[in-house]
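A.B. asks: One structure follows; several queries about it will come next.
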Amino acid sequence: MTKWRTLVLATIGFNFSFLIWFSFAPFTGPMADEFGLSVAELGLLASANIWLAPFGRILTGWLSDRWGAPTVFAIVLAYVGVFSIASAFAQSYTVFFVERMIVATAGITFVIGIQHVSEWFEEGELGTAEGVYAGIGNAGAAGGALILPRVFGESWSGPLFESNWRAAFFYTGIVSILLAITYFVLGEAAKSEEKRQATKASANLRDWLYTATRYGTVVLALAYVMSFGLELSMNGWLATYYREGFDTNNLVLASTFAATFSVAAGLLRPIGGYVSDLLARKEKNILPIFTGRYREQWTFVSLCFIVVAMVGMTLAGLTGEVMLAVGAGFVVGMGCAFAEGAIFAQVPAMFPDSSGSVAGVVGGVGTVGGIVYPLVYAAPLMPSLHTGYSVVAATMLPIVLLCAWVFQPHVAERATSGGWLVSSERPSGAPTDD
């Protein structure tokens, strides 16, 4: 069936996008040696990897509603491939920095795929389908950490490049361009012309401003800061952390340690979506304070789990036992996976005719965590590389409290109509409460 082909195509495209997005992470050591970078500068590079994502995701979410996902996905994969190839030949660090920032916009494909999958699957399957898409897709970061250092090892000597990281960037760029062509040829925008036109009709500025400022959109976007934003920060930082924090100088070993987090954060994400679907179908309450708001209950539990796990990450690191810290990282990845799956089970269920636009806002704002958190981890004022995780956990508490307010039944019932900044008058095409 076409919907399953769509799910496979979107998942493969996003999985590779995640791989190329974080393809720099396994090679921070060789790049630091070649360009003379400090640990703080590596933290900045990890942060810069996210700088363009917020605006890019917001824009491409809207464009996916307007133009259809296959066209937008293909465009992004094509230019990302071109700049990845260009970065392999960069001799100036300034040029290299800018080119890798552009390559890092591969991460904006997430919202394109979310929109594409939501155009084909019914509400009762959305959480599971989006969880499979995003979970396997996010695991591309683990694939990069596990595969790239082994294929392009420290002793790499190829026909075009002697530097292993340059070879990795060149060949992943070639693959990205080939995937762009494949997506454009095989992708179909929606399950019916009626569905395509309904989505397209909602892709205007007035409707976008309305949906972007609803309580549901805002609170899910902030929840995504502390889940997916956290995942991004860890994907770009953990290889450096395990190498510098525990004197693990082996590039492959440090990347393998980091990959355990990415495996958990990616492959366990479908569980988050599935549990959300299951609770909604069975109308089962797991937190009586949010009675009747089944998806919200699971999202809230997952967010609280992240906060506790981040404190555990600091405690594990302070023991000096690297394997304990790796295990703690895996637990943090679990929390990210469950929360992300839960959040993106809610998005298309709440906003069925503007899932791309809302996914763009939630996904775009969510990436802010990936920009800010690495700067905290590598901050010179931190007593050690281990304490930054608890500091980040403390900054998450206001978000959890805001979720506790919005997820209350009397607020959650109007989460798609009530909001901030924009008049509550519903424009044409905006969602109504069920």
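A.B. asks: Once you put a point 7 Å from the Cα of ILE174 and another 7 Å from the Cα of ARG5, both along the Cβ direction, what distance in nm separates them?
C.D. replies: It works out to 2.8 nm between the two label points.
A.B. asks: Work the Kirkwood hydrodynamic radius out for the range 235-390: mean of 1/r over every pair of different alpha-carbon atoms, inverted, in Å.
C.D. replies: By the Kirkwood definition, the hydrodynamic radius is 16.8 Å.
A.B. asks: Just how large is the dipole of the range 241-387 about the Cα centre, in debye to the nearest 20, putting +1 at every Lys and Arg Cβ and -1 at every Asp and Glu Cβ?
C.D. replies: Using Cβ point charges on Lys, Arg, Asp and Glu, the range 241-387 gives about 340 debye.
A.B. asks: Report Rg/Rh for the range 180-322, rounded to two decimals, where Rg is the Cα radius of gyration and Rh the Kirkwood radius.
C.D. replies: My calculation puts Rg/Rh at 1.07.
A.B. asks: Here is a further query. Which residue, VAL392, THR60, ILE174, has the largest displacement toward the positive end of the dipole of the chain when charges sit on each Cβ (Lys, Arg +1; Asp, Glu -1)?
C.D. replies: THR60
A.B. asks: I want to verify a result. In a Gaussian network model of the chain, Cα cutoff 10 Å, which of these has the top mean-square fluctuation: SER384, SER262, SER87?
C.D. replies: SER384
A.B. asks: Using a 1.4 angstrom probe, figure out how much accessible area the chain has per residue, in square angstrom, rounded to the nearest whole. Each step should come with its number before you reach the end.
C.D. replies: On the way: 15750 Å² over 434 residues.
Result: 36 Å² of accessible area for each residue.
A.B. asks: Right, here's the next one. For a protection proxy built on the mean count of beta-carbon atoms within 10 angstrom, sort 5-12, 211-218, 390-397, 282-289 highest first, please.
C.D. replies: The most tightly packed comes first, giving 211-218, 5-12, 390-397, 282-289.
A.B. asks: For the chain, what's the radius of gyration and Dmax over Cα atoms, in angstrom?
C.D. replies: 20.6, 65
A.B. asks: Around GLY369, what is the net charge, scoring Lys/Arg as +1 and Asp/Glu as -1 over all other residues with Cβ under 15 Å from its Cβ?
C.D. replies: Summing Lys/Arg as +1 and Asp/Glu as -1 gives -1.
A.B. asks: Now for a different question. Just the accessible area for CYS304, please: 1.4 Å probe, Å², rounded to the nearest 10?
C.D. replies: The accessible area comes out at roughly 50 Å².
A.B. asks: Pairs of Cα atoms under 8 Å, at least six residues apart: use those to get the relative contact order of the range 268-365, whole percent.
C.D. replies: Worked out over the range 268-365, it gives 37 percent.
A.B. asks: Given Cα pairs under 8 Å that are at least 6 residues apart, what percent is the relative contact order of the range 19-142? Intermediate results must be reported in sequence, preceding the final value.
C.D. replies: On the way: 102 pairs, mean separation 43.5, N = 124.
After rounding, I find 35 percent.
A.B. asks: How long is the gain from LEU278 to LEU318 if the chain were fully straight, where each residue apart is worth 0.36 nm and the alpha carbon distance is subtracted?
C.D. replies: Here the segment from LEU278 to LEU318 would lengthen by 10.6 nm.
A.B. asks: Now, a different point. Once R0 is set to 22 Å, what does the formula 1/(1 + (r/R0)^6) return for the Cβ-Cβ distance between THR395 and TRP420, expressed as a FRET efficiency to the nearest 0.05?
C.D. replies: Using R0 = 22 Å, I get an efficiency of 0.55.
A.B. asks: In addition: Summing Lys, Arg as +1 and Asp, Glu as -1, what charge do residues with Cβ under 13 Å from the Cβ of ILE136 carry, ILE136 excluded? Provide the component values of the computation, followed by the final result.
C.D. replies: Numbers: positive: ARG269; negative: GLU130, GLU340.
Charge balance in the 13 Å sphere: -1.
A.B. asks: In the neighborhood of PRO70, defined by Cβ-to-Cβ distances under 11 Å, what is the net charge if each Lys or Arg adds +1 and each Asp or Glu adds -1?
C.D. replies: Combined, the nearby Lys, Arg, Asp and Glu give -2.
A.B. asks: Once the range 1-154 is represented by equal point scatterers at the alpha-carbon sites, with solvent omitted, what log10 I(q)/I(0) does the Debye formula produce at q = 0.21 Å⁻¹?
C.D. replies: -1.32
A.B. asks: Return the FRET efficiency for the residue pair HIS410, LEU160: r is the Cβ-Cβ distance, R0 is 60 Å, and the value is rounded to the nearest 0.05. Kindly include the intermediate steps, with their values, before the conclusion.
C.D. replies: Values: r = 63 Å, r/R0 = 1.05.
Using R0 = 60 Å, I get an efficiency of 0.45.
A.B. asks: Let me ask something additional. State, as an integer percentage, the relative contact order of the range 164-322 based on alpha-carbon contacts under 8 Å between residues 6 or more apart.
C.D. replies: Across the range 164-322, relative contact order equals 14 percent.
A.B. asks: Please get the size of the charge dipole for the chain, origin at its Cα centre, with Cβ charges of +1 on Lys and Arg and -1 on Asp and Glu, quoted in debye to the nearest 20. Walk me through the numbers on the way to the answer.
C.D. replies: On the way: 22 positive and 29 negative charges, 87 e Å.
Around 420 debye, computed over the chain.
A.B. asks: With viscosity set to 0.890 mPa s and temperature to 25 °C, compute the Stokes-Einstein D of the range 334-429, Rh being the Kirkwood radius across alpha carbon pairs; µm²/s, no decimals.
C.D. replies: My calculation gives 154 µm²/s for D.
A.B. asks: Percent of accessible area on the chain owned by carbon and sulfur, 1.4 Å probe? Please list the in-between numbers first.
C.D. replies: Numbers: 10620 of 15750 Å².
Here carbon and sulfur together make up 67 percent of the probe-accessible area.
A.B. asks: Give me the dipole magnitude in Debye, nearest 20, for the range 167-241 about the Cα centre, with unit charges on the beta carbon: positive for Lys and Arg, negative for Asp and Glu.
C.D. replies: So the magnitude is around 200 debye.
A.B. asks: Still on this structure, I have one more. Say the dipole of the chain comes from +1 at the beta carbon of Lys and Arg and -1 at that of Asp and Glu; which of THR105, PHE83, ALA349 then lies farthest toward its positive end?
C.D. replies: Checking the options against the dipole of the chain, the answer is ALA349.
A.B. asks: If the viscosity is 1.002 mPa s and the temperature 20 °C, what Stokes-Einstein diffusion coefficient in µm²/s follows for the range 207-277 when Rh is the Kirkwood radius over Cα pairs?
C.D. replies: Diffusion coefficient, whole number: 149 µm²/s.
A.B. asks: To the nearest 10 degrees, how steep is helix 322-350 against the longest Cα principal axis of the chain, on a 0 to 90 scale?
C.D. replies: The angle comes out at about 30 degrees.
A.B. asks: Rule-of-thumb check for the range 130-253: C-alpha Rg over 2.2 N^0.38 Å?
C.D. replies: My calculation over the Cα atoms of the range 130-253 gives 1.50.
A.B. asks: Then there is this: Give me the accessible area of TRP405, 1.4 Å probe, in Å² rounded to the nearest 10.
C.D. replies: 90 Å²
A.B. asks: How far apart, in nm, are the 7 Å Cα→Cβ label points at LEU186 and TYR79?
C.D. replies: It works out to 2.5 nm between the two label points.
The values are calculated or read from the model by the stated rules, or taken from the named source; none is laboratory data. Bear in mind the structure is a predicted one, so any value in this text is a computation, not a measurement. Neighbour counts run over all protein chains shown; Cβ positions are idealised from the backbone, glycine included. Areas reflect the complete protein model, heavy atoms only, side chains present, ligands, DNA and RNA absent. Shrake-Rupley method; radii C 1.70, N 1.55, O 1.52, S 1.80 Å.
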